[in-house]
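Below you'll find the structure, written out as structure tokens, and then a few comments.
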Amino acid sequence: MSSFGREPYRIGFCFALLGVLALALCVRLVQVQGFPDPRALERERRQRLHSERLPAQRGEIRDRDGVLLAGDHPVLEVRARAATVIRDRDLQGLPDEFVRRLAQALAQALAADPEHGDDPGFLARETQRLEARLRRIRARPERDVPLTKTKGAWQRWGDFLVSAEVYSVAALEALQVLARDLARASRSTELLQLDVQLAHRRVYPEGSGAQSPVGHLSDRDRDAAGRPRNAAGLEANPELHPAPDAAGRRYFQRDARLREYFLPAWVPADEPVVVETTLDLTLQREAQRLLEDAAGRVAREYDAPPDWGALVLVEVETGDVLAMASLQTGKDGKPVAGARFNPTQATYQPGSVVKPLLFAVALERGVLRWDESIDCAPESGKSRFLTPWRRRVTDEHPSDAPLSPHDILVRSSNIGAGTVGLRLGREGIEEYLNVYGFGRATQLGMPAELAGRRPQGVLRMKDPYFSRDTACSVSYGYELNATPAQMARAFLTLVSGRPRELRVYQAFQRGGERQELPPRDAGTRPYLSEGNLALILGALGDVVSDDPHATGRALFQEIRKLAFGPGVLAGKTGTSEQKTRDGHMVRSASFAGFAPAAAPRYLAFGVLQKERANSFWGGKFAAPMAGRLLLAALERESQRRLQERARVGTGSEAAKDTGSALVGTATPAHNRGGR
């Protein structure tokens, strides 16, 4: 057959082939439109629809009046990918000229934030910081920063953090303008891509005034769950960390040119947990100031500040901690930033401050009568060997005449306290240690709290060892180690007449619901009768008096200069000493006080510790700061009453309460706080 005869077959075959292809396309079109492949739809959705995570805020910490002590502030974190054209493929890192110009341009964009307008050194600091970050990229080996070939030239890319905290829209717009300008020039020189993400920064609005109990937070070191490992104080509470499902999500799409635009659909993050504490910010600031002033007084007298100090204020009725101040100094004499929290993380030998605690138990057990006289005369000078335990005991205010229990507390006689401790015996000493919680941590919930130390196995202790050492030592605060918070709890137990616990968390707010945290000492049984409590409180009131032998006489003279008389403050001083491993003597000065003296509403405990300090007495250094804090608490109470009366329209009568709050008129015993 000729080629001319085969031509119709060829044309028919081509038309048939075209028909088959058209039919296949129609079938595929029907399949795609009518029966879409789920996998293809998922791929198309992923290419088109995107989302970003909206991180949840960490919980807030507030004081008893709702003042924010710690919380998260939303910020924008800006990261960048920088690229430069490299003519020489073997060149390592980014060119120096590119690094300098890019760092300066980024710093100028960040300086557009009005908050930095008054800082003349901001531009120089940011330029130096960004240049250092870019040079880290430059120093990386070639395998870590790969080269890509674009339009016949080699480009080197590097990721770096521009700023972790961008607050101003002006700064963000300046960065975006910079990125667009660099993009226009990318054909021959550089290229910059920005990635902006929502983040949070931890802020402490009240600064160092409330930093001691609130603590600090380090976001740099986090565990696998995102929780910060380095947290101190109240910040370490796990309730503050947001739940894994608390984060939100915002959705956006990309068009054909890969330009992003956000959609109205988004899931907001959960509201942060609000932790209501019992702290009073005004009193917390005052406690920190008084503690620092006391440290300055020690530094002026001994040419060096104390090693550490602590000051705690408690409301007696509720057991709420109103203030907790901490001070730690280094070898250079300057405060140590981020140091331990001394109210719960520092222990010391309390010394004579424990004597009223011992006497209260002795009165209840009937081994001590308030009208009796006890021989406290030293055998030679200021020392004495007491039989049968033959232990040397000294008194700073010795007396040849017998002393009553009242005078023993006022003079702080170690000989008299040791005699009472021997009378208590093993069961009495064990009760004394248990009632006041020695060797048992408080229930404040603070991180890394120490439990202290106490003699163990007192009931099984052999008689020679018990009578010669333990019975005497624990009677005036030796063989014991306690934190300032534990001592505050012990005196709260004393003035309440029943075992008490401190409280620093008042309530938690989650999702709009408020959960009150009741005191943990509700329902405990009294261990001290009203009559015996009145005897102890009366003696402690005379400790802060003008008696020449009273150990709190210095505090009385100080408050008298402030126009306050007897009956405002009461308390007990304590001084102890202990040798360190290198043979140096460390002295601890402490004071436990309460106000008003007749019916305590506030309790303060302060302690200072210093190495190589003679005549470092509790009445001289610790008592003034604790006493002034108690006066501040009474004044704060008067202000609250005035404000409350003003709100209800009886402000003219509010002034009548001012004097009674400071003088402390007695209330019936059954209405006393904590009973």
Item checked: Number of the exception - Gly209 against (1) in contact with a Lys or Arg (Cβ under 9 Å, 6 or more places away or on another chain); (2) modelled with pLDDT of 70 or more; (3) part of a helix (DSSP H, G or I); (4) not charged (D, E, K, R) -> (2)
Next item on the list: Look at Ser615 and say whether it is within 24 Å of Leu290 (Cβ to Cβ), surrounded by fewer than 22 Cβ atoms within 10 Å (Cβ to Cβ) and among the hydroxyl-bearing types (Ser, Thr, Tyr).
Entry: yes
Margin query: If I filter segment 561-572 for residues that are in contact (Cβ under 8 Å) with a residue 60 or more places away in the chain, in the same structural domain as Arg500 (by TED's automatic domain parsing), in contact with a strand residue (DSSP E or B) (Cβ under 6 Å, 6 or more places away or on another chain) and assigned to a strand (DSSP E or B), do I get at least one hit?
Written below: yes
Check: Is one or more of the residues making up segment 515-525 closer than 14 Å to Phe359 by Cβ and outside the structural domain of Asp245 (by TED's automatic domain parsing)?
Finding: no
Next item on the list: Can you tell me which residue within segment 279-330, out of those that are of a type in the set (Ser, Thr, Tyr) and outside any loop (DSSP other than H, G, I, E, B), is surrounded by the fewest Cβ atoms within 10 Å (Cβ to Cβ)?
Entry: Tyr302
Next item on the list: Please specify each residue of segment 481-509 satisfying the condition of being more than 21 Å from the chain's Cα centre (by Cα), surrounded by fewer than 24 Cβ atoms within 10 Å (Cβ to Cβ) and charged (D, E, K, R).
Entry: Arg498
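Collect the residues in segment 515-531 that are free of Cβ contacts under 8 Å to residues at least 40 places away in the same chain and not in a loop (DSSP other than H, G, I, E, B), keeping them in residue-number order. Steps first, answer last, please.
Looking only at segment 515-531, we keep the residues that are free of Cβ contacts under 8 Å to residues at least 40 places away in the same chain, and these are 515-518, 522-525, 531.
If the condition is that a residue be free of Cβ contacts under 8 Å to residues at least 40 places away in the same chain and not in a loop (DSSP other than H, G, I, E, B), then Gln515, Glu516, Gly531 are the ones that fit.
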Check: If you go through segment 115-126 one residue at a time, do you hit one that is surrounded by 18 or more Cβ atoms within 10 Å (Cβ to Cβ) and either over 45 Å from the mean Cα position of the chain (by Cα) or modelled with pLDDT of 80 or more (or both)?
Finding: yes
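Here's the yes/no breakdown for (1) over 30 Å from Asp280 (Cβ atoms); (2) modelled with pLDDT of 80 or more; (3) not assigned by TED's automatic domain parsing to the domain that holds Pro242:
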position	(1), (2), (3)
Leu21	yes, yes, yes
Leu25	yes, yes, yes
Val30	yes, no, yes
Phe35	yes, no, yes
Pro38	yes, no, yes
Gly59	no, yes, no
Arg64	no, yes, no
Val67	no, yes, no
Asp72	no, yes, no
Checklist line | Given (1) buried (at least 24 other Cβ atoms within 10 Å of the Cβ); (2) part of a loop (DSSP other than H, G, I, E, B); (3) aromatic (Phe, Trp, Tyr), index of the condition Phe594 fails | finding: (2)
Notebook entry, point to check: In segment 540-585, how many are buried (at least 19 other Cβ atoms within 10 Å of the Cβ), more than 14 Å from Pro356 (Cβ to Cβ) and among the β-branched types (Val, Ile, Thr)?
Noted result: 3
Next item on the list: Examine segment 615-637 for a residue that is in a strand (DSSP E or B), at pLDDT below 90 and under 26 Å from Asn481 (Cβ atoms), and state whether such a residue exists.
Entry: no
Notebook entry, point to check: Only one of these conditions is not met by Asp521: (1) more than 34 Å from the chain's Cα centre (by Cα); (2) charged (D, E, K, R); (3) under 21 Å from Leu322 (Cβ atoms). Which number is it?
Noted result: (1)
Note to self: Test of understanding: among Asp547, Asp542, which residue is farther than 21 Å from Leu502 by Cα and outside any loop (DSSP other than H, G, I, E, B)?
What the structure shows: Asp542
Notebook entry, point to check: Here is a list of conditions, (1) modelled with pLDDT under 90; (2) not in a helix (DSSP H, G or I), and Gln643 meets all of them except one; can you say which number that is?
Noted result: (2)
Next item on the list: Scan Arg520, Arg514, Arg489, Arg510 and give me the residue that is modelled with pLDDT of 95 or more and among the basic types (Lys, Arg).
Entry: Arg489
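The values are calculated or read from the model by the stated rules, or taken from the named source; none is laboratory data. The shown structure was predicted, so the numbers you read here are calculated from the model rather than taken from an experiment. Using ideal geometry, Cβ is built from the backbone for each residue, glycine included, and neighbour counts are taken over all protein chains shown.
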